[in-house]
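One structure is given here, and the rest of the page talks about it.
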Amino acid sequence: MKKPVHLNALRALEASARHQSFSAAAQELNVTPAAVGQLVRTLEDWVGTPLFYRKTSGKSRLIATKTVELALPDIRVGLNRLMLGLEQLQQESNNGGLTVTVSPAFAAKWLLPRIDRFQSIWSDIDVRLDISTKSVDFAVQDVDIGVRYGSGNWPGLVVEKLMEEEVYPVCSPQLLQDQPRLDLTRETLIHDHSMDDYSGLPSWGTWLKKAGLTETDLREIDTSRGMQINNSAAVLQAVINGHGVALARSVMARDDLAAGRLVRLFPEIKFVSTLAYYVVYRPECASMSKLKAFRDWLFEQAAADESFFN
């Protein structure tokens, strides 16, 4: 059912109800009080009922009717959404940039080695990377899309699972030159503390129990000792440099494994993390063509990785 569109009249109605004055509403909207009154009357004619009680004296001479009070919340939401839509149209037409938020480790180990593939297809989209582990307010900081690692709980955003991952020990190839199977009791353990705020990412202690070590074996491996690092990319670099053995997150380690810079240990032991990678963005931005292009590309790359490494 089609209805007349009175956008200016709705703006006049909302401002008049908020200020309880045609004059104050007119000042906000940069028109005359007579124009505001005429816009409100067009709505009253369309609705078929008065929308305000007019008083001849007192501080508040304009009182919204109960009908208006009930409708105002939806009208305000609608006007705010329209303004956001207009801003998005302006950004889409005047700005070919796409702001993407990712963590430093994900940028270094996964996104940056692949981003040229996106740019070669979408050369007209300038990608701006916001690299941070801190929470980002997408609307306030004008972020279009992001990839986040966690349990998938980001209220107010569209959340789509991009990749799951395993956690397993890795070492440099040099450590295996003189021994076919590594003895963890003799090696330095490297600990990844980048996700300490999240439950679900296994520690050395939980992984060793999953591996089925006996209590005697566990006592021989002091999981409280070793190198402590709070960045997953730096953890892998420390391993590559031969400083010890670390529990690697499979998405972070994929390219290093493929290039032979790392070796996966005990491949028969499977430990899937309860955390995963998610694509996140505001629902009102879902129709933006540049966002859709980048989102689809992310999923294509993730699917290609999955088929290559499995």
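The values are calculated or read from the model by the stated rules, or taken from the named source; none is laboratory data. Quantities reported herein were computed from a predicted structural model and do not represent experimental measurements. All Cβ positions, even for glycine, are placed from backbone atoms using ideal geometry, and neighbour counts span all protein chains on display. Accessible surface areas use protein heavy atoms only, side chains included; no ligands, DNA or RNA. Shrake-Rupley method; radii C 1.70, N 1.55, O 1.52, S 1.80 Å.
The figures follow:
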| read-out | value |
| --- | --- |
| Virtual spin-label span in nm between ALA304 and ALA258, 7 Å along Cα→Cβ | 0.8 |
| Bins of 5 Å, starting at 0 and running to the largest distance - Cα pair percent for region 236-288 | 4, 14, 22, 17, 13, 8, 7, 7, 6, 1 |
| Hypothetical label at ILE131: residues of region 231-268 whose amide nitrogen lies under 12 Å (7 Å Cα-Cβ projection) | 233-234 |
| Taking only Cα atoms of the chain, radius of gyration then Dmax in Å | 29.0, 97 |
| Relative contact order of the chain, defined on C-alpha pairs under 8 angstrom at six or more residues apart (%) | 21 |
| Aspartates and glutamates with Cα under 16 Å of LYS66, excluding same-chain neighbours fewer than 8 positions away | GLU14, GLU44, ASP74 |
| Pairwise label distance in nanometres, GLU28 with LEU112, each label 7 Å out on the Cα-Cβ vector | 4.8 |
| Globularity ratio of region 219-310, using Cα Rg and 2.2 N^0.38 Å | 1.41 |
| Accessible area expressed per residue, the chain, with surrounding protein chains retained (probe 1.4 Å, Å²) | 55 |
| Where GluC sites (Glu not before Pro) fall in DSSP loop in region 215-269, at most 10 other Cβ within 10 Å | GLU268 |
| Region 116-181 versus region 10-86: alpha-carbon centroid distance in Å | 47 |
| Carbon/sulfur fraction of accessible area - region 88-197, other protein chains in place, 1.4 Å, % | 45 |
| Spherically averaged projected area in nm², based on the convex hull that wraps the Cα atoms of region 160-252 | 6.7 |
| Extension reserve of the ARG18-ASN153 stretch, reckoned as 0.36 nm per residue once the Cα distance is removed | 45.0 nm |
